[in-house]
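Every read-out reported here was derived from the displayed coordinates using simple, explicitly stated rules and does not represent laboratory data. Please read these numbers as outputs of a predicted model, since none were measured by experiment. All Cβ positions, glycine included, derive from the backbone under ideal geometry; neighbour counts span all protein chains shown.
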Amino acid sequence: MKHLLRFIFILTLLIIQANVSSAQTTKYKCMLQMTNYMGEGAYIVVSLVDSKGAYEKTLYVMGSDKKWYKNLATWFKFYKSKPTNISAITGASVTGGDRSVTTFEIENSKINAGYKLRFETAVEDNKYYEKDLEVPLTTEGIAGKTEGTGYIRYVRLSAN
């Protein structure tokens, strides 16, 4: 009986810990509107960067053909130095005037702690934008609309 109670107690602790761990992230819906540029589909990487601008994590990649990833030069250096499997967070590239809606998770501890979401864009035979758009991970930044400087017109985030 003593062993059964100990087993139930340990199992309960593990279940509580799993629930606490999953509550430490929030899913965000990201609506991205492109400008009406001429050319091929844009490859876009959404990255979590720290207060110094250093890449911490790739959240989403729009564009699935790996041969074009090198055109996202700054992100690609990070990706090559810390290769990860990004197949689960990869979708189609986005063309001029189009809109894309994606979802990604962000750790709650990154909010109001100096982090940003960086949207890096590249289009074949056109200009590359290392910081097409950056969203400060603050309560205000997440709630607002952020304007792009290159191929992205704007981005809106909302908690899912």
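Before moving on, here are some points about what is shown:
- Seen from every direction in turn and averaged, the convex hull around the alpha carbons of the stretch 114-160 projects onto 3.6 nm².
- Peptides ranked, highest mean first, by Cβ atoms within 10 Å: ranges 75-85, 127-137, 26-36: 127-137, 26-36, 75-85
- Cut-off under 5 Å, modelled amide H: who pairs with Gly144 long-range: none
- Extension gain (nm, one decimal) between Lys80 and Asp98, 0.36 nm per residue minus Cα-Cα: 3.5 nm
- Rounded to the nearest Hz, the phi-derived 3J(HN,Hα) couplings of the stretch 52-66 under the Karplus curve 6.51 cos²θ - 1.76 cosθ + 1.60 (θ = phi - 60°) are 9, x, 7, 5, 10, 7, 8, 9, 7, 10, 9, x, 9, 7, 4, where x marks glycine and proline.
- Derived scalar couplings between HN and Hα for the stretch 150-160 equal x, 7, 8, 6, 6, 9, 10, 10, 8, 5, 8 Hz in order, rounded to whole Hz, by the Karplus curve 6.51 cos²θ - 1.76 cosθ + 1.60 (θ = phi - 60°), x for Gly and Pro.
- Here the 3J(HN,Hα) profile of the stretch 26-31, calculated from phi with Karplus coefficients 6.51, -1.76 and 1.60 at θ = phi - 60°, is 10, 7, 10, 8, 10, 9 Hz, Gly and Pro shown as x.
- Between 0 and 90°, nearest 10: helix 2-22 axis offset from the chain longest Cα axis: 20 degrees
- Max-minus-min Cα coordinates of the stretch 26-159 on each principal axis give 38, 32, 25 Å, with the largest extent listed first.
- Computed per residue of the chain from DSSP H runs no shorter than four, each worth -39500 (n - 2.57), the mean residue ellipticity at 222 nm is -6500 deg cm²/dmol.
- Using Cβ point charges alone (K and R +1, D and E -1), the dipole size of the stretch 26-159 about the Cα centre works out to roughly 240 debye.
- The stretch 52-73 versus the stretch 87-160: alpha-carbon centroid distance in Å: 12 Å
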